[in-house]
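What follows is one structure encoded as structure tokens, with my remarks underneath.
The values are calculated or read from the model by the stated rules, or taken from the named source; none is laboratory data. None of the values given here were measured: they were computed from a predicted structure. Cβ atoms come from the backbone with ideal geometry, glycine included; neighbour counts cover every protein chain shown.
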Amino acid sequence: MIKIRIHGRGGQGVVTAAELIALAAFYDGLKSQAFPVFGVERTGAPIQSFARISKEKILSKEQIYQPDIIIVQDPTLLGAKETLSGFKDNTILIVNSEKTIDDIYQITNEKIKKEQIYKAPATKIALEIIGQNIANTVTLGIFSRHTKLISLKSLFKAINEKFKDKGEKIINKNCQAIKLAYHYYEKK
């Protein structure tokens, strides 16, 4: 079973990102679940959501304390203790950031290896393509490419299902932004 924890701020679509991962995994023929942590969240407050992906039935319902993958939608949360808690030797860190991998490595106090970090400027892509500072779907392009846990085809299908009430224009912009993040490559 793959355990995913997503960090962001209220209003950034953290819960939606987990739901999209679970839905795309389901479309890829896997078992999945997504759930948030609810407290006294408000717009801008740090929040978390979780997703699990497995080939077998998922029985666990608790929060994820030792994730296999951590997605950070808001790069200002990288320095927060909770963001990297439970980080293991093989945990993957996916970050929405315009900073270099070296810069991210320094911010994490060198607790992880540079090879475990994947990033793209998801906010910049979201602003350019979608026209809003909501990078949750864009970070899933990075997630899809570097984990190979969900296919782009299934992610697009999940976007179509989840955003069907928002209209085709919003769906197309999100898919375009996801594709751009998926193909993002930083030259070293």
Quiz item: Restricting attention to the range 39-70, and to residues there that are surrounded by 14 or more Cβ atoms within 10 Å (Cβ to Cβ), in contact with a Gly (Cβ under 8 Å, 6 or more places away or on another chain) and among the hydrophobic types (A, V, I, L, M, F, W, C), which single residue is modelled with the highest pLDDT?
Solution: Ile64
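Has the range 29-38 got any residue that is under 28 Å from Asn160 (Cβ atoms), in a strand (DSSP E or B) and touching a Pro at 6+ places or on another chain (Cβ under 7 Å)? Walk me through it before giving the result.
At the first step, the residues of the range 29-38 found to be under 28 Å from Asn160 (Cβ atoms) are 29-38.
Now narrow it down to the ones that are in a strand (DSSP E or B): 31-36.
With the extra rule that they be touching a Pro at 6+ places or on another chain (Cβ under 7 Å), the set shrinks to none.
No - not one qualifying residue is present in the range 29-38.
Please work out if Thr108 is of a type outside the set (D, E, K, R), surrounded by 17 or more Cβ atoms within 10 Å (Cβ to Cβ) and in contact with a helix residue (DSSP H, G or I) (Cβ under 8 Å, 6 or more places away or on another chain).
Numbers: of a type outside the set (D, E, K, R): yes; surrounded by 17 or more Cβ atoms within 10 Å (Cβ to Cβ): yes; in contact with a helix residue (DSSP H, G or I) (Cβ under 8 Å, 6 or more places away or on another chain): no.
For Thr108, the condition - of a type outside the set (D, E, K, R), surrounded by 17 or more Cβ atoms within 10 Å (Cβ to Cβ) and in contact with a helix residue (DSSP H, G or I) (Cβ under 8 Å, 6 or more places away or on another chain) - is not met.
Is it the case, given these coordinates, that Ile129 is over 24 Å from Ile53 (Cα atoms), surrounded by 15 or more Cβ atoms within 10 Å (Cβ to Cβ) and modelled with pLDDT of 95 or more? Outline the logic, then answer.
Numbers: over 24 Å from Ile53 (Cα atoms): yes; surrounded by 15 or more Cβ atoms within 10 Å (Cβ to Cβ): yes; modelled with pLDDT of 95 or more: yes.
So Ile129 fits the description; yes.
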Quiz item: Identify, please: which residue in the range 159-185 is without any contact (Cβ under 8 Å) to a residue 60 or more places away in the chain and part of a loop (DSSP other than H, G, I, E, B) and is, among those, farthest from the chain's Cα centre (by Cα)?
Solution: Gly167
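Quick check on the range 167-182. Is at least one of its residues of a type in the set (Phe, Trp, Tyr), at pLDDT 95 or above and in contact with a helix residue (DSSP H, G or I) (Cβ under 8 Å, 6 or more places away or on another chain)? Please lay out each step first, then the result.
Within the range 167-182, the first condition is being of a type in the set (Phe, Trp, Tyr), and the residues that meet it are 182.
The next check asks that each one be at pLDDT 95 or above; those that pass are none.
No: zero hits.
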Quiz item: From the residues in the range 1-32 that are touching a residue at least 60 places away in the same chain (Cβ under 8 Å), within 13 Å of Leu149 (Cβ to Cβ) and within 13 Å of the chain's Cα centre (by Cα), which one is surrounded by the most Cβ atoms within 10 Å (Cβ to Cβ)?
Solution: Ile21
